[in-house]
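Everything below concerns the one structure shown next.
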């Protein structure tokens, strides 16, 4: 339901949070290599998170991305909002222009509970929660 782009953003945040104890900044080359995502694409994603103050960055030879005081407490829904917007939780699953409980599409009643549950989970989970969930089992 969330886009690959949002998935890359979440993975990037988790990687930065895990690396924050080792180094203060992570360069885009390292980040792209570790996540196996094209560097220019990932750079745009991460800059979008910088603009929303979810992470920070510095330019230059010793620059890179790093977590800030807000990163770990950021709900995952804010990351999805920064990348895709929250329209994904209001749009019709079949792409119909008008779909709601009063005028449902054929799948509306089957997916609305899942969609709402996913939205609630993303509102509740923080970057810190995801880091705690994967520490020790992290693929990075």
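The values are calculated or read from the model by the stated rules, or taken from the named source; none is laboratory data. Everything quoted here is computed from the prediction, not taken from an experiment. Heads up, the Cβs are rebuilt from the backbone with ideal geometry, glycines too, and the neighbour counts pull from every protein chain shown.
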Look through 99, 92, 105 and report the one residue that is over 23 Å from residue 131 (Cα atoms) and crowded, with 19+ Cβ neighbours inside 10 Å.
99
Looking at residue 28, is it buried (at least 17 other Cβ atoms within 10 Å of the Cβ) and either over 17 Å from the mean Cα position of the chain (by Cα) or without any contact (Cβ under 8 Å) to a residue 60 or more places away in the chain (or both)?
yes
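For every residue, the table says whether it meets (1) loosely packed, with under 10 Cβ neighbours inside 10 Å; (2) touching a strand residue (DSSP E or B) at 6+ places or on another chain (Cβ under 6 Å); (3) modelled with pLDDT of 95 or more; (4) over 30 Å from residue 18 (Cβ atoms).
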residue: 110; (1), (2), (3), (4): no, no, no, yes
residue: 116; (1), (2), (3), (4): no, no, no, yes
residue: 123; (1), (2), (3), (4): no, yes, yes, no
residue: 132; (1), (2), (3), (4): no, no, no, no
Yes or no: residue 74 loosely packed, with under 13 Cβ neighbours inside 10 Å, closer than 21 Å to residue 7 by Cα and modelled with pLDDT of 90 or more?
no
Out of (1) in contact with a helix residue (DSSP H, G or I) (Cβ under 9 Å, 6 or more places away or on another chain); (2) farther than 20 Å from residue 131 by Cα, the odd one out for residue 60 is which?
(1)
Evaluate the following for residue 2: is it in contact (Cβ under 8 Å) with a residue 60 or more places away in the chain and on the phi < 0 side of the Ramachandran plot?
yes
